[in-house]
Each structure stands twice: as C-alpha cells, then as structure tokens.
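Visitor: I'd like to ask you about the structure that follows.
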Amino acid sequence: MQKWARHLYGIVESTSMAYKRPTNRTPLSSAEKLNLLKDYMQHYRQLAASDSTVLNRKVPRGAFGDLLDRLGEMLLTESMKLTEATGPVRTFLDANPLPPAMAERLPDYFRVFCLALNSLKQWVAAEQSATDRYLLGGAARGLCRQAAETCLVTGAALGQNSELHHPVRDGRPPILLTKKGHALIEDQLASIGDDPIGRALWALKREGNHSWLQLRRGCLDWLGRPVPWPSKASAAGARGFAKKAATAADVGYEQILEWMDNKRLGL
C-alpha cells in the first residue's frame with residue numbers, strides 16, 4: 001500500500017509490522033453522520049424496490065483464497081514455534097494435560113493450532129465490530145436506528161426488536177430491518193409463497209456456500225453453452241453444483257436458468 005493511502009486510512013507503519021487498526025482520519029459530526037445514513041437508507045430503498053438481492057451481496061467464496069492460504073500457513077508455522085518455545089502457551093499446555101489415551105492422538109502443535117484458531121476468531125469478531133465504528137463512531141447502532149422509521153423490506157414500523165443487517169461486508173454501515181424483513185433478506189423470499197424451486201435452490205446454496213453465478217455457469221455448461229472459466233476445477237465445481245440443484249429442485253437446467261432470470265440472480 002502506498003504511503004498516502006496508509007496515511008488516509010490511519011494505518012501506521014512500524015518496523016515490527018505490528019497490526020494497527022484502521023482509523024478514520026476525517027471524522028464526521030453527529031449531524032453529518034445522520035445525514036449520511038439517511039441518504040444511505042434512501043439509496044438502498046430505491047435499489048431494493050426493483051432488486052432485493054442488493055441487500056445481501058457476498059464476495060465469491062474463492063476471492064480471498066490466496067490470502068486465507070497464507071494465513072493458514074502462518075498459523076501452522078507459528079503454532080509449531082509456540083509449541084517448542086518457553087512461554088505462556090507452553091505453560092498452558094503443561095498445566096492442562098490431556099487424558100493419556102487422547103494424548104497419543106492429539107499432538108501439542110495441533111492443540112496450539114486449535115488455541116490459535118480460537119484466539120483468531122475472537123480477534124476477527126472484535127475487528128469486524130470495529131468496522132461499524134469507522135464511519136459512525138461508538139454510537140453507530142443508535143444512529144442507524146435514528147436514520148429510518150420503517151423497514152425498507154416489509155414497510156413495517158421499526159421497533160425495539162429490529163435487527164441490523166449489512167448489505168455488503170465492505171465497511172458500509174448496517175441497515176435496520178424488522179425481524180421478518182431480515183429473515184426475508186437472508187432467505188431471499190425462498191420460503192414465502194409457492195416456490196418449490198426457490199426453496200430447494202436456496203437450501204442447497206446455503207449448505208454448500210455456492211454462488212448464483214456458479215450455478216448459472218454450471219447450467220450453461222450442461223446445456224452445451226459453456227462460458228470461459230478461470231480453471232478446470234472451478235468449472236467442475238459449477239457443473240457439480242448445477243447437477244445437485246437440478247436433482248434437488250426436480251427440474252431441468254433450462255428451468256433453473258429461467259427461475260434465476262426471473263429473480264435476476266447470477267447475472
């Protein structure tokens with residue numbers, strides 16, 4: 001990252017490469033924050049009127065594959081180092097020995113790896129929570145409640161039991177929805193009305209964490225209308241997803257594509 005960008009986002013360089021949480025160097029006043037949120041809500045209200053999927057966009061599963069591989073490799077390497085080094089981790093292992101039979105099957109480096117994963121999970125939760133405060137500060141949740149009076153999905157009044165939902169996890173603020181509105185967005189209306197294809201496909205998509213684009217490309221492949229693929233593995237994965245989808249919904253590939261076209265999914 002260029003130095004000007006590091007300065008803009010509040011990322012401080014250090015010789016030890018210690019992590020520094022990004023901070024907003026151009027904070028807004030309370031009035032500016034509220035106006036920004038109201039404009040943000042109106043933006044999504046207009047978009048969602050014609051396409052509800054804009055309220056639940058996920059980055060493709062493999063987009064951060066290389067980064068996650070490097071993080072995994074680092075976790076394994078550091079776990080090995082911590083296992084052998086004198087320090088709090090080694091002391092913790094010694095103070096919490098495994099039962100004899102289990103000790104034969106759970107090596108110390110794997111125990112440290114598991115402990116590191118749990119620590120990482122807690123760190124991620126804290127850092128993700130901090131992203132909501134980047135623009136809005138510590139009063140983020142309260143401001144989100146002030147910015148809207150009705151749910152932009154159901155139109156119902158927003159009460160105390162409403163829930164905050166992120167349309168995209170890229171730093172943009174959450175949107176306040178009713179519990180019903182939030183459930184509809186998460187299921188994308190699949191469980192509402194007579195839509196057996198939708199119910200089958202949404203359940204399968206959630207189970208395997210697939211994308212609609214992957215399903216669309218897989219169906220096109222089976223129909224002899226292939227599109228360029230980044231790799232043979234991704235093409236095979238999409239065909240496998242499409243085959244499972246056709247079986248689960250008990251329809252053909254053309255019908256799946258027609259259903260997706262009507263829902264404007266995977267375009």
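The values are calculated or read from the model by the stated rules, or taken from the named source; none is laboratory data. The shown structure was predicted, so the numbers you read here are calculated from the model rather than taken from an experiment. For neighbour counting, all protein chains shown are included, and Cβ atoms are generated from backbone atoms with ideal geometry for every residue, glycine included.
Visitor: Can you spot a residue in region 105-123 that is modelled with pLDDT of 90 or more, acidic (Asp, Glu) and over 30 Å from residue 261 (Cα atoms)?
Guide: To start, the set of residues in region 105-123 that are modelled with pLDDT of 90 or more comprises 105-123.
With the extra rule that they be acidic (Asp, Glu), the set shrinks to 108.
From what is left, the residues that are over 30 Å from residue 261 (Cα atoms) are 108.
For region 105-123, residues modelled with pLDDT of 90 or more, acidic (Asp, Glu) and over 30 Å from residue 261 (Cα atoms): present.
Visitor: Of everything in region 134-182, what is part of a strand (DSSP E or B) and surrounded by fewer than 20 Cβ atoms within 10 Å (Cβ to Cβ)? Give them in sequence order.
Guide: Applying the first criterion (part of a strand (DSSP E or B)) to region 134-182 yields 150, 157, 163-165, 175-177.
Hits for region 134-182 are 150, 157, 163, 164, 165.
Visitor: I'd like the residue in region 220-267 that is under 24 Å from residue 50 (Cβ atoms) and modelled with pLDDT of 80 or more and, out of all such residues, is surrounded by the most Cβ atoms within 10 Å (Cβ to Cβ). Steps first, answer last, please.
Guide: So the first thing to find is which residues in region 220-267 are under 24 Å from residue 50 (Cβ atoms), and the list is 255-267.
Within this subset, residues satisfying the condition of being modelled with pLDDT of 80 or more are 255-261.
Values: 255: 14, 256: 22, 257: 19, 258: 13, 259: 17, 260: 20, 261: 12.
Top of the filtered list is 256.
Visitor: In addition: If I ask for residues that are assigned to a helix (DSSP H, G or I), of a type outside the set (Lys, Arg) and farther than 20 Å from residue 264 by Cβ, which ones from region 215-252 would you list? Walk me through how you get there before you give the answer.
Guide: Residues of region 215-252 that are assigned to a helix (DSSP H, G or I), as a first pass: 215-222, 232-249.
Those still in the list that are of a type outside the set (Lys, Arg) too: 215, 218-222, 233-238, 240-242, 245-249.
Selection gives 221, 222, 233, 234, 235, 236, 237, 240, 246, 247, 248.
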